[in-house]
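The values are calculated or read from the model by the stated rules, or taken from the named source; none is laboratory data. This is a predicted model, so every value here is computed, not measured. Backbone-built Cβ (ideal geometry, glycine too); neighbour counts: all protein chains shown. Each accessible area value is taken on the protein alone, full model and side chains, heavy atoms only, with ligands, DNA and RNA left out. Shrake-Rupley method; radii C 1.70, N 1.55, O 1.52, S 1.80 Å.
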2 protein chains.
Amino acid sequence: MKLASLKHGRDGRLVVVSSDLAWFTDAFLIAPTMQAALDDWERCEPRLRALAESVDHEAVPRGRFHERDAAAPLPRAYQWADGSAYVNHVELVRRARGAEMPDSFWTDPLMYQGGSDHFMGPRDAIPLADESWGCDLEAEIVVVTGDVPQGVTPDEARDHIRLIGLVNDVSLRNLIPGELAKGFGFVQSKPASALSPVFVTPDALGDRWQDGKLHGALSVQLNGKDFGRADAGIDMTFDFGVLIAHLARTRSLVAGSIIGSGTVSNRDADGGPGKPVDQGGLGYSCIAEVRTVETILTGAPATAFLRHGDTVRIEMLDDRHHSIFGAIEQEVVGI
Amino acid sequence: MKLASLKHGRDGRLVVVSSDLAWFTDAFLIAPTMQAALDDWERCEPRLRALAESVDHEAVPRGRFHERDAAAPLPRAYQWADGSAYVNHVELVRRARGAEMPDSFWTDPLMYQGGSDHFMGPRDAIPLADESWGCDLEAEIVVVTGDVPQGVTPDEARDHIRLIGLVNDVSLRNLIPGELAKGFGFVQSKPASALSPVFVTPDALGDRWQDGKLHGALSVQLNGKDFGRADAGIDMTFDFGVLIAHLARTRSLVAGSIIGSGTVSNRDADGGPGKPVDQGGLGYSCIAEVRTVETILTGAPATAFLRHGDTVRIEMLDDRHHSIFGAIEQEVVGI
């Protein structure tokens with residue numbers, strides 16, 4: 001089952017989208033918003049599934065689904081906690097800063113509490129007041145949970161995953177060192193993130209969803225050129241069950257909590273820091289990582305952070321090259 | 001005007017409370033929940049104010065307001081960002097850890113993004129799975145904003161403050177050093193916080209609300225004994241306008257964002273680290289601070305962190321010794 005929120009008011013209007021993303025039908029009679037459906041999932045889920053089947057079989061009135069009409073599936077959420085599950089990425093970024101990565105990072109997940117009050121829609125422009133802030137994309141996987149009791153195990157936590165999607169976790173890289181030094185996490189360096197047009201239930205992902213990981217190449221394009229194609233299921237040190245259990249160790253989580261994987265990143269086959277796509281590598285899911293590789297190889301970064309007019313596209317295709325979640329496609333604009 | 005949310009479903013039921021906290025009347029016909037009122041404040045505020053006047057004048061059917069029936073005014077919120085505006089407190093806590101405080105902390109607010117998916121009601125027990133986590137209270141002031149555009153000045157930001165209240169920002173002190181070392185802020189060391197029974201509009205606070213600061217002694221009791229009575233308007237280095245502007249530097253904030261002051265803390269009159277209330281001092285708004293003072297004076301902390309069965313009470317009284325926001329009164333319990 002695929003769900004989306006069409007732009008409407010503060011929370012969007014819940015719709016069920018066909019498997020091929022071509023059609024939608026209104027789910028208002030079941031739940032007016034995605035959050036309302038998550039709040040009452042046991043009642044809503046079977047009814048939404050029945051509606052989804054009807055959409056696929058043209059058994060209900062349906063309209064064309066345009067990704068540009070979609071808000072973020074949760075335009076505002078009660079929680080956004082972003083892990084750094086691809087420890088490879090963390091190690092690379094630290095190395096470029098000349099910082100050692102503690103061994104504990106391989107066993108104890110890094111995670112920050114992000115601002116959840118506003119998620120951009122998949123086609124919304126990224127407002128950037130100051131290019132010197134060093135604006136970066138971060139292509140990641142997210143899951144949305146139901147209510148999660150405190151102290152769940154990773155195994156139990158996986159059963160609380162309701163929906164899966166993509167995020168562009170916009171970061172202001174040049175503001176990060178100052179905030180990291182304060183030790184209190186990210187406030188100014190993490191403005192609103194953008195979510196994929198649709199969120200998908202685990203069962204609808206088939207073999208791609210296994211052991212709390214989403215498998216498949218995450219396609220990232222920068223200004224229309226291939227920039228990254230790392231596989232989200234590879235080198236993910238902590239699966240989503242582990243990430244949720246980490247967050248829920250000392251507190252329960254309410255339905256609609258969004259948990260992020262951190263920037264998807266694969267090691268090179270030869271164990272090296274990773275080649276660009278046009279050199280046959282898997283590329284990168286954020287600019288910081290290519291700058292890191294450039295720094296390691298040549299002593300200085302060459303790729304610039306995002307400037308006004310730059311475009312970013314993030315998508316995952318299935319085996320038949322159809323988009324699974326729709327595409328996040330954003331232009332950076334001045335404000 | 002004073003507003004509260006009676007326990008009901010996930011978001012409570014919005015009620016208007018009389019100035020003396022004795023009576024309430026349902027505000028359902030204006031807005032079903034506090035968040036709904038904040039979402040549409042321009043329309044709701046005058047109607048809620050009219051209703052509040054009617055409650056005070058017994059012009060509408062009203063019921064007795066019992067603080068034990070109150071949920072948190074916002075049982076779940078879209079944002080919770082907590083500052084450390086009482087830099088005195090930060091300096092003390094760091095000194096006890098043997099860490100220097102950078103001079104920039106006097107000009108650049110320290111702030112973390114907290115979990116906002118669950119706020120405890122004012123009488124809810126504090127669930128503590130493990131006493132060795134070092135559970136602490138933190139008595140603070142909070143404000144709730146309307147929609148705040150990116151890049152507001154502190155002056156402008158003050159006009160976006162809709163409501164003011166109290167919070168017990170529960171902290172797990174022994175988990176903090178590990179999370180601080182990771183640099184990503186607090187995830188496990190900050191479980192759910194508790195909010196005061198009512199939130200109050202700035203105008204209803206009279207002279208106590210000035211220049212983005214709440215003035216008056218914040219009464220903190222631990223196991224029925226006076227523990228703190230620091231004045232929230234004194235030694236607040238950053239007023240709420242500055243804190244909101246800090247958070248909104250790179251992003252807009254949605255209505256219903258809760259911004260915290262950090263633990264209220266006053267310097268001693270002689271500039272010393274502060275005496276306990278029973279020695280004629282202003283005491284403390286968290287246990288960590290008395291432990292810090294003990295460490296500075298005697299080399300080791302003497303006061304224990306919260307254990308199962310301990311009780312905490314946080315309140316602010318007006319000039320006639322009436323409670324302004326009602327009392328947060330919680331017992332620590334095992335789970």
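Please go through segment A:242-298 and pick out each residue that is open to solvent by less than 10 Å² (accessible area, probe 1.4 Å), of a type in the set (Val, Ile, Thr) and closer than 30 Å to B:Met120 by Cβ.
A:Ile244, A:Thr250, A:Ile258, A:Ile259, listed by residue number.
Run B:Asp268 past the list (1) assigned to a loop (DSSP other than H, G, I, E, B); (2) in contact with a strand residue (DSSP E or B) (Cβ under 6 Å, 6 or more places away or on another chain); (3) of a type outside the set (Val, Ile, Thr) and report the number of the one that doesn't hold.
Only one criterion is unmet by B:Asp268, namely (2).
Scan segment A:188-212 residue by residue and report those that are more than 14 Å from chain B (Cβ to nearest Cβ), within 14 Å of A:Glu140 (Cβ to Cβ) and either touching a helix residue (DSSP H, G or I) at 6+ places or on another chain (Cβ under 7 Å) or not in a strand (DSSP E or B) (or both).
A:Ser196
Quick check: is even one residue across segment A:215-226 more than 14 Å from chain B (Cβ to nearest Cβ), modelled with pLDDT of 95 or more and buried (at least 24 other Cβ atoms within 10 Å of the Cβ)?
Yes: one or more hits.
In segment A:135-179, which residues are within 11 Å of chain B (Cβ to nearest Cβ), touching a strand residue (DSSP E or B) at 6+ places or on another chain (Cβ under 8 Å) and over 25 Å from A:Met1 (Cα atoms)?
A:Cys135, A:Gln150, A:Val170, A:Ser171, A:Leu172
Sort out which residues of segment B:14-66 are under 20 Å from B:Val143 (Cα atoms), under 23 Å from the mean Cα position of the chain (by Cα) and of a type in the set (D, E, K, R), and write them in order of number.
Listed by number, the residues that qualify are B:Asp39, B:Glu45.
List pairs: first in segment B:66-78 and more than 14 Å from every other protein chain (Cβ to nearest Cβ), second among the small types (Gly, Ala, Ser) and assigned to a loop (DSSP other than H, G, I, E, B), Cβ under 7 Å, 6+ apart or cross-chain?
B:Glu67/B:Gly326; B:Glu67/B:Ala327; B:Ala70/B:Gly121
Can you find, within segment B:10-33, the residue that is surrounded by the fewest Cβ atoms within 10 Å (Cβ to Cβ) among those that are of a type in the set (Gly, Ala, Ser) and touching a helix residue (DSSP H, G or I) at 6+ places or on another chain (Cβ under 9 Å)?
So, considering only residues that are of a type in the set (Gly, Ala, Ser) and touching a helix residue (DSSP H, G or I) at 6+ places or on another chain (Cβ under 9 Å), the one surrounded by the fewest Cβ atoms within 10 Å (Cβ to Cβ) is B:Ser19.
Does B:Val60 qualify as being in contact with a helix residue (DSSP H, G or I) (Cβ under 7 Å, 6 or more places away or on another chain) and away from chain A (no Cβ under 14 Å)? Talk me through it step by step, then tell me what you get.
Working: in contact with a helix residue (DSSP H, G or I) (Cβ under 7 Å, 6 or more places away or on another chain): yes; away from chain A (no Cβ under 14 Å): yes.
So B:Val60 fits the description; yes.
Only one of A:Ala230, A:Ala192, A:Ala204 is among the aliphatic types (A, V, I, L, M), over 30 Å from A:Arg43 (Cα atoms) and open to solvent by 10 Å² or more (accessible area, probe 1.4 Å); which? Talk me through it step by step, then tell me what you get.
Details: A:Ala230 fails: open to solvent by 10 Å² or more (accessible area, probe 1.4 Å); A:Ala204 fails: over 30 Å from A:Arg43 (Cα atoms).
The match here is A:Ala192.
Taking the criterion of being in contact with an Asp or Glu (Cβ under 7 Å, 6 or more places away or on another chain) and in a loop (DSSP other than H, G, I, E, B), would at least one residue in segment A:285-295 satisfy it?
Just the residues of segment A:285-295 that are in contact with an Asp or Glu (Cβ under 7 Å, 6 or more places away or on another chain), to begin with: A:285-288.
Then keep just the ones that are in a loop (DSSP other than H, G, I, E, B); that gives A:285-286.
Yes, some residue in segment A:285-295 is in contact with an Asp or Glu (Cβ under 7 Å, 6 or more places away or on another chain) and in a loop (DSSP other than H, G, I, E, B).
Which of the numbered conditions does B:Gly228 fail, given that it passes all the others? Conditions: (1) free of Cβ contacts under 8 Å to residues at least 12 places away in the same chain; (2) under 15 Å from the mean Cα position of the chain (by Cα).
(1)
So, in segment A:43-71, how many residues would count as being hydroxyl-bearing (Ser, Thr, Tyr) and open to solvent by 40 Å² or more (accessible area, probe 1.4 Å)?
Going through segment A:43-71, the residues hydroxyl-bearing (Ser, Thr, Tyr) turn out to be A:54.
Restricting the remaining residues to those that are open to solvent by 40 Å² or more (accessible area, probe 1.4 Å) gives none.
Number satisfying all stated conditions: 0.
If B:Pro75 satisfies all but one of (1) modelled with pLDDT under 95; (2) open to solvent by 10 Å² or more (accessible area, probe 1.4 Å); (3) touching a Gly at 6+ places or on another chain (Cβ under 8 Å), what's the number of the condition it fails?
Failed condition: (1).
Please determine whether any residue of segment B:122-134 is crowded, with 24+ Cβ neighbours inside 10 Å, within 26 Å of B:His215 (Cβ to Cβ) and modelled with pLDDT of 95 or more.
Yes.
What number of residues within segment B:171-187 satisfy the criterion of being among the aromatic types (Phe, Trp, Tyr) and either within 22 Å of B:Asp159 (Cβ to Cβ) or in a loop (DSSP other than H, G, I, E, B) (or both)?
Residues flagged as among the aromatic types (Phe, Trp, Tyr) and either within 22 Å of B:Asp159 (Cβ to Cβ) or in a loop (DSSP other than H, G, I, E, B) (or both) within segment B:171-187 amount to 1.
May I ask you to list the residues in segment A:215-252 that are farther than 19 Å from A:Val148 by Cβ and not in a loop (DSSP other than H, G, I, E, B)?
Within segment A:215-252, A:Ala217, A:Leu218, A:Ser219, A:Val220, A:Gln221, A:Leu222, A:Lys225, A:Asp226, A:Phe227, A:Gly228, A:Asp231 meet the criteria.
I want to confirm something. Restricting to segment B:314-335 and keeping residues that are open to solvent by 70 Å² or more (accessible area, probe 1.4 Å) and of a type outside the set (Asp, Glu), which single residue is nearest to B:Glu67 (Cα to Cα)?
Checking each candidate, the answer is B:His322.
Kindly indicate whether B:Val55 is touching a helix residue (DSSP H, G or I) at 6+ places or on another chain (Cβ under 9 Å) and not basic (Lys, Arg).
no
Let's see how each residue does on (1) without any contact (Cβ under 8 Å) to a residue 12 or more places away in the chain; (2) farther than 16 Å from A:Arg249 by Cβ:
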{"site": "B:Trp106", "(1), (2)": "no, yes"}
{"site": "B:Arg123", "(1), (2)": "no, yes"}
{"site": "B:Asp130", "(1), (2)": "yes, no"}
{"site": "B:Gly178", "(1), (2)": "yes, no"}
{"site": "B:Pro191", "(1), (2)": "no, no"}
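Pick out the one residue from A:Ala81, A:Ala50, A:Ala96, A:Ala37 that is touching a helix residue (DSSP H, G or I) at 6+ places or on another chain (Cβ under 8 Å) and without any contact (Cβ under 8 Å) to a residue 60 or more places away in the chain.
A:Ala37
Inside segment B:160-179, can you point out the residues that are open to solvent by 10 Å² or more (accessible area, probe 1.4 Å) and within 28 Å of B:Arg97 (Cα to Cα)?
Matches in segment B:160-179: B:Arg173, B:Asn174, B:Leu175, B:Ile176, B:Pro177, B:Gly178, B:Glu179.
Identify the single condition in (1) in a loop (DSSP other than H, G, I, E, B); (2) within 27 Å of B:Arg208 (Cβ to Cβ) that B:His308 does not satisfy, given that it satisfies every other one.
(2)
Of all residues being at the interface with another protein chain (Cβ under 9 Å from one of its Cβ atoms) and open to solvent by 10 Å² or more (accessible area, probe 1.4 Å) in segment B:79-108, which is nearest to the chain's Cα centre (by Cα)? Just the residue, please.
B:Ser84
I'd like to verify a number: residues in segment B:247-274 that are modelled with pLDDT of 90 or more and at negative phi, how many?
18
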